[in-house]
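A short write-up of the structure that comes next.
Every read-out reported here was derived from the displayed coordinates using simple, explicitly stated rules and does not represent laboratory data. Given the structure is predicted, the values throughout are model-derived calculations rather than measurements. Because the Cβ atoms are built from the backbone with ideal geometry, glycine has one as well, and the counts that use them run over all protein chains shown.
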Amino acid sequence: RYEITQRETVAEILPGLRTPLWTYGGTFPGPTIEARRGRPVTVTHRNELPVPTVVHLHGGRTPAESDGYPTDLVLPTGWSPGEGHGPGGTGGMDGMGGMGGMDGGEGMADPRAVTTTLTRDYTFPNDQRPAMLWYHDHRMDFTAPAIWRGLAGLYFVRDDAEEALGLPSGPRELPLMIADRAFAADGSLIYPSLDPTLRERPGVTEPYTAGVLADVILVNGAPWPVHEVDTARHRLRLLNGSNARHYELELVCDDGRRLDLVQIGADQGLLTTAVTHRTLPIAPAERYDVVVDFTDVPVGTLVRVRNRLGSGRTRDVLAFRVARRATSDDSRVPAVLSTDLPGWNREDAVRVRDFAFRAGRMNGGHGWLIGGRAFSPSRTDVTVGLDDVEVWRFVADVHHPVHLHLVGFRVLSRGGGKPPLPHDAGLKDTVSLRPGESVEVITRFDGYRGRYLFHCHNAEHEDMGMMANLEVV
Ligand code: C2O
Ligand code: CU
Ligand code: CU
C-alpha cells in the first residue's frame, strides 16, 4: 500500500537554480514502487496540484477502473465540481497545457464521460511477468505538459524466479529514466507552447506539433549525471521517459573503445535469450533491460552513454566512471533467461486490423490521427473479445511509438513482412514505428474486460488526438 500526494515543489536541477515542478510525493521522478508478482498493490493518490490529474501505470495489466482513463479525474483537494476547469480557471497554472486548446477548452466534449474523485485508490494486481513499468499522468489533452512538469515515476514487478537468475542486483542494478527538458534562465521549465520566441518565429505557427524536444538531458531528474561503478557487470533498467525524443544509445570509453549492450529484457520482462547490441534505439515510453560489463575496463575510465541521434550537448546522456576494482562479481547472464514468453502465431489470430498513424486536420487545426480520427472519449473505436488473439498492423507517416494498454505484444514483422529488428525481441507494450514504416504485432487480449486505450506515445501526438478506445468485451 502506497500513499502519494501530488504536489508542487521546487527542486535544484541545474546548479544554483530553482525549478518549480509538479511531483508525485515531492520528488522527480516520483517514488519508485516495488511490487511482487501476484501481490496486489494499492496506491492512494491525493491531488494537491492546481489541476485535475489522472494516473496510469504504463505496462500494467490493470482492471479498467484503475487504468487511468483520461477522463477519470482526481480533482485537486478543495476543488468543487461546479467550478470551471479550463486552463483559465486554474489561475494560469495550467499555462503549459494548451494542447487541448486546439479544440477549445479541455476537449471534454461529453461531460457524461467524465468521472471525478478527490482522492483515488488505484489497485494493481501485479499478475504479470516481472518488469520495470512506469506511472505517469494521463489526463485528456494535457498528458504531455503534465509529464513534462514532473509527473512520472518507476514501478517494479519482481518475482523469486527472476531473482534466482543471478543477474546483477543491489547497487549494480540501475534504474535510469531518461528525459529531456528545457529551462529558462531562472531555472523554470520551458514548454514550447508557452515560449513566445518559438510561437512568434515567422512561419512557425505550431512549433510543438511534431513533439517537444529539449536541450537538457536528465537521467532520474539530474542533468548528464556521472555514476560511479566498479569493474563488474551492471544491469541498466532503461526507460525513455521523454515526451518525443528518440535515442540510439551507445557506450563509448574515453579511449575510444565501445562496450556492448547485452539486452536481457524488453518492456514486459525478460527475453528468452540475451541479444547483444552495439547501439540500442529507444523510443518514448520503451524500456530496455540491459547488462553492461565493466570487468575489463581500466579503473579511471569514463564511459559515456551517448545518443547517436542527438547533436551538440544532446549527444550525451550520462556517463559511468569506473572508480574501483570490484572485490567480487558473482553475477551472470544465464543462457536461458525465461521460458514463459507467449508463443502466439499468426494462425492463432482471429482477426487482422489495420491502423494508420498519420497527421491530419482536427477541428480546423493540426492534429495527429489514428485511422483518420482524433480521440474522443465518447466513441468506441475497437471492440475485441476477451482472450482473442489478433494481429494489428500499424502504418506511420513519421515516427510514432505505438502503445497498447492492458496487454503485451510481440512484433511479428516490419517494413511489409520483413523480420523484426533485433531490439524488437521479447514482450513489448510500445513499438517504435519509423517514418513510412508498417509494423505488425500480435497479442492476446486477456486479463480484464473494459475500456482501455491505444495511442502514440509521443506525448504531444497523444494530446493532439492520436489515441483511440479499445473495448475488451
Ligand atoms: Cu504510458 Cu497510455 O501510456
Ligand atoms: Cu500505458
Ligand atoms: Cu506519434
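Length available on full extension from R36 to S378: 0.36 nm per residue minus the Cα-Cα distance, which gives 119.6 nm. What is the distance in Å between the Cα centres of region 352-396 and region 323-340? About 42 Å separates the Cα centre of region 352-396 from the one of region 323-340.
Quick one: plug the Kirkwood hydrodynamic radius of region 170-324 (C-alpha pairs) into Stokes-Einstein at 4 °C, 1.567 mPa s, and report D in µm²/s. Write out the running numbers ahead of the final one.
Numbers: Rh = 16.6 Å.
Once the numbers are plugged in, D ends up at 78 µm²/s.
Roughly what % of Cα-Cα distances in the chain sit above 28 Å, to the whole percent? Intermediate values should be presented prior to the final figure.
Values: 55502 of 111628 pairs.
Value for the chain: 50 percent of Cα pairs lie more than 28 Å apart.
Summary value for region 359-473: 39 percent relative contact order, contacts being C-alpha pairs under 8 angstrom separated by 6+ residues.
When the Cα centres of region 141-182 and region 398-429 are compared, how far apart do they sit, in Å? Using only Cα atoms, the two centres lie 20 Å from each other. Sites listed here are GluC sites (Glu not before Pro) in region 27-81 whose DSSP assignment is loop and whose Cβ has at most 15 other Cβ atoms within 10 Å: E48. Considering helices alone, the calculated mean residue ellipticity of the chain at 222 nm is -500 deg cm²/dmol, with DSSP H runs of length four and up weighted by -39500 (n - 2.57) and normalised per residue.
Other residues whose C-beta falls under 11 angstrom from the C-beta of E48 contribute a net charge of +1, scoring Lys and Arg +1 and Asp and Glu -1.
Taking amide H atoms as placed 1.01 Å from N in the peptide plane, the amide H of L386 lies under 5 Å from those of V473, each 5 or more residues away in sequence or on another chain.
Take every pair of alpha-carbon atoms less than 8 Å apart whose residues are at least six positions apart; their mean separation over the length of region 228-372 yields a relative contact order of 26 percent. Determine the sum of side-chain charges near N469: Lys and Arg each +1, Asp and Glu each -1, restricted to other residues whose C-beta is under 10 angstrom from that of N469. Here the charged neighbours net out to 0.
Starting from 0.36 nm per residue, how many nanometres of slack lie between A164 and E3 once their C-alpha separation is accounted for?
Numbers: separation 161, 0.36 × 161 = 57.96 nm, distance 3.02 nm.
Residue separation times 0.36 nm, minus the Cα-Cα distance, leaves 54.9 nm.
I want the antiparallel fraction of DSSP beta bridges within the chain, as a percent rounded to 5.
Working: 95 of 129 bridges.
Taking every DSSP beta bridge with both residues in the chain, the antiparallel ones total about 75 percent.
Per residue, the average separation of C-alpha pairs within less than 8 Å and at least 6 apart gives the chain a relative contact order of 15 percent.
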